[in-house]
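To start, the structure itself, in C-alpha cells.
The values are calculated or read from the model by the stated rules, or taken from the named source; none is laboratory data. The shown structure was predicted, so the numbers you read here are calculated from the model rather than taken from an experiment. Reconstructed Cβ throughout: ideal geometry from the backbone, glycine too, with neighbour counts over all protein chains shown.
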Amino acid sequence: MKRSRRLAVFAGSALALGAVAAVGITAARPGEHRAASVAGAAATTWPLVQSSPNTDTGTSLSGLTAAPDGTMWAAGGRQASGVYKPILQRLTGDTWSNVTLPAAAAPYRFNAAAATSTSNLWLAAQLNTSGDSHAVLRWNGTAWSTFKVPLSFQPSDIATAGSGSTWVVSSTAAKHWNGTAWADTPIGIKPRAITAVSPTSAWAVGWAGEGLPAAAHWNGTAWSTVPFPKIDGVDAKSEIASTLSDVYAASENDVWAVGSVRVLDESGKRVSRSVLAHWNGTAWSNVLGAPGTYLTNVASDGAGGIWVSAGTAMRHRTAAGVWSDETLAQPTGTKAVPAELALRPGTTTMWAVGWTSNSATGWADLAHWRSN
C-alpha cells in the first residue's frame, strides 16, 4: 500500500474505469466524499507452506525475486543470542532450501533481492554487526562478489535489468552498476522502491517535498522526477510521510505503484488512506481508499493483471479490470506479516514471503505463502 476532501480520481482514465473497485471507491465529483474500503470478503486463503519455528531464534524474510526459468530466491536474516546472520533461500521444484553464503556475507542482513537469471542475482545488504559499510552482493552463477557502500547509504531495495544494469536505492539516494563499477545517480526523490523495465528505463517511487508521494524515471542516462497527481488534504506535519511503497512495471507504458497518504479528516484527525497509482505512458493517475486503509506491495500476475497486498489481505486485478479478494493464512496465536510478493515465472502461482510473529513469545518465524 484518508481524507475527506476531493478524491484524486481521473474519470476518463483506464485506472478510474478499471481500478476503482480495487479500493472500493466509486468515482466522486470534486468536493464529494464517498466511503470506501480496501478489504473485501476473502474467497480463498493462501496456505502457509513453509516456516522455521524456533523458540530461541528470530527469523524473517524481506526480499523475493524470480528468474525466468522459475527459480526463486527469498532473502532475509535471523537473530540468535543477539547475533544477526543473513538468510538466502532458493526454490527449486516445490521446496525452499537454504543457500550457502560466503563468509563476506556474515555481517549483513538482506533487505531485498533482484534477478534476471540464475547467473545474475543481486542482494541489498544492511550491516548488522560492527563495521564500516553496508553492501550489495552479487551471484554470477559461479561465485559471489561483495560491493561495500558507505554507512550513510543503507540499501533498501534493488532492481536489475541484466548483468550490466543494476540499481540500488537507500532512503535518500540511488546507485547504478554499469557492469564495471558503481556510480552515484542523483534521483530527486526519497525512494522506497525501484523496478527495472530495461537498461534504459527504470522507475523509483517514494516521497518528496513535504511528505508527498513521488515518482522518478531513469532514461539510461539520468533520473528525472515525473509529476504525480496532487492529493488534497495531505498532512505535511505528520511524522509519517505520505509515500509510495512499491512499484511494478509491466512495460514502458504500464506501471503500477501502491502506498498510503496521511490526511486530515473532517474532525482534523490524522488518518491513513491507501493509494493505487498507474502510469499509462503519459501521466500518473491514482485512486484512494477509505480512512484506515493502506497498500504495501504490487506484483504481476503473469497474465496482464496485478496483485496488491495490505497486510494479510491479497487483492487480484485481472487484465480486464475485475477484482477479487484472497487472504494469507495466519496461524492461531500469530500475526502474519508479508514483506514481498512475486509470481513464479512459467506458472500462475504467486508467492509471498515475510514472517509470523508469535504473540506469546514475541519471536518472528520466517514464512512462505503460496496461492492455490
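Determine, yes or no, whether Ala124 is in contact with a Pro (Cβ under 9 Å, 6 or more places away or on another chain) and not hydroxyl-bearing (Ser, Thr, Tyr).
In short, yes.
For every residue, the table says whether it meets (1) at pLDDT 95 or above; (2) at positive phi; (3) of a type outside the set (Phe, Trp, Tyr).
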{"residue": "Ile158", "(1), (2), (3)": "yes, no, yes"}
{"residue": "Thr172", "(1), (2), (3)": "no, no, yes"}
{"residue": "Ala193", "(1), (2), (3)": "yes, no, yes"}
{"residue": "Trp207", "(1), (2), (3)": "no, no, no"}
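Residue by residue through the stretch 95-125, note down the ones that are among the polar types (S, T, N, Q), under 16 Å from Ala159 (Cα atoms) and assigned to a strand (DSSP E or B). Explain how you work it out, then say what you get.
The first filter runs over the stretch 95-125 and keeps only residues among the polar types (S, T, N, Q), leaving 95, 97-98, 100, 111, 116-120.
Filter again for under 16 Å from Ala159 (Cα atoms), leaving 111, 116-120.
Within the stretch 95-125, Asn111, Thr116, Ser117, Asn120 qualify.
Is at least one residue of the stretch 123-145 surrounded by fewer than 16 Cβ atoms within 10 Å (Cβ to Cβ), under 28 Å from Thr347 (Cβ atoms) and of a type in the set (D, E, K, R)?
no
Looking at (1) surrounded by 21 or more Cβ atoms within 10 Å (Cβ to Cβ); (2) among the hydrophobic types (A, V, I, L, M, F, W, C); (3) more than 20 Å from Gly259 (Cα to Cα); (4) more than 17 Å from the chain's Cα centre (by Cα), can you tell me which one Ala222 breaks?
Of the numbered conditions (1) surrounded by 21 or more Cβ atoms within 10 Å (Cβ to Cβ); (2) among the hydrophobic types (A, V, I, L, M, F, W, C); (3) more than 20 Å from Gly259 (Cα to Cα); (4) more than 17 Å from the chain's Cα centre (by Cα), the odd one out for Ala222 is (1).
Please go through the stretch 272-302 and give me each residue that is hydroxyl-bearing (Ser, Thr, Tyr) and part of a strand (DSSP E or B), ordered by number.
Initially, the stretch 272-302 is screened for residues hydroxyl-bearing (Ser, Thr, Tyr), giving 272, 274, 282, 285, 293-294, 296, 300.
Listed by number, the residues that qualify are Ser272, Ser274, Ser285, Ser300.
Any idea which residue in the stretch 233-256 is surrounded by the most Cβ atoms within 10 Å (Cβ to Cβ), counting only those that are in contact with a strand residue (DSSP E or B) (Cβ under 8 Å, 6 or more places away or on another chain) and among the acidic types (Asp, Glu)?
If we take residues in the stretch 233-256 being in contact with a strand residue (DSSP E or B) (Cβ under 8 Å, 6 or more places away or on another chain) and among the acidic types (Asp, Glu), then Asp246 is surrounded by the most Cβ atoms within 10 Å (Cβ to Cβ).
Being surrounded by fewer than 20 Cβ atoms within 10 Å (Cβ to Cβ) and either in a loop (DSSP other than H, G, I, E, B) or touching a Phe, Trp or Tyr at 6+ places or on another chain (Cβ under 7 Å) (or both) is the filter; apply it to the stretch 84-94 and report the residue that is modelled with the highest pLDDT.
Arg90
Pull out all pairs, ordered by first then second residue, where Cβ-Cβ is under 9 Å, the residues are six or more apart or on different chains, the first lies in the stretch 46-68 and is farther than 17 Å from Ala342 by Cβ and surrounded by fewer than 16 Cβ atoms within 10 Å (Cβ to Cβ), and the second is β-branched (Val, Ile, Thr) and at pLDDT below 90.
Listed by first residue and then by second, the contacts come to Thr55/Thr361.
From the set of residues in the stretch 257-271 that are buried (at least 22 other Cβ atoms within 10 Å of the Cβ) and in contact with a Lys or Arg (Cβ under 9 Å, 6 or more places away or on another chain), which is farthest from Thr296 (Cα to Cα)?
Val263
If you scan the stretch 190-211, which residues turn out to be surrounded by fewer than 19 Cβ atoms within 10 Å (Cβ to Cβ), touching a strand residue (DSSP E or B) at 6+ places or on another chain (Cβ under 7 Å) and not hydroxyl-bearing (Ser, Thr, Tyr)?
Of the residues in the stretch 190-211, the ones surrounded by fewer than 19 Cβ atoms within 10 Å (Cβ to Cβ) are 198-201, 209-210.
Narrowing further to those that are touching a strand residue (DSSP E or B) at 6+ places or on another chain (Cβ under 7 Å): 198-199, 201.
Residue satisfying the conditions is Pro199 alone.
Which condition from (1) modelled with pLDDT of 95 or more; (2) outside any loop (DSSP other than H, G, I, E, B) is the one that Leu366 breaks?
Condition not satisfied by Leu366: (1).
Please verify whether Ser171 is within 20 Å of the chain's Cα centre (by Cα) and buried (at least 20 other Cβ atoms within 10 Å of the Cβ), treating the condition exactly as stated.
Against the criterion (within 20 Å of the chain's Cα centre (by Cα) and buried (at least 20 other Cβ atoms within 10 Å of the Cβ)), Ser171 does not qualify.
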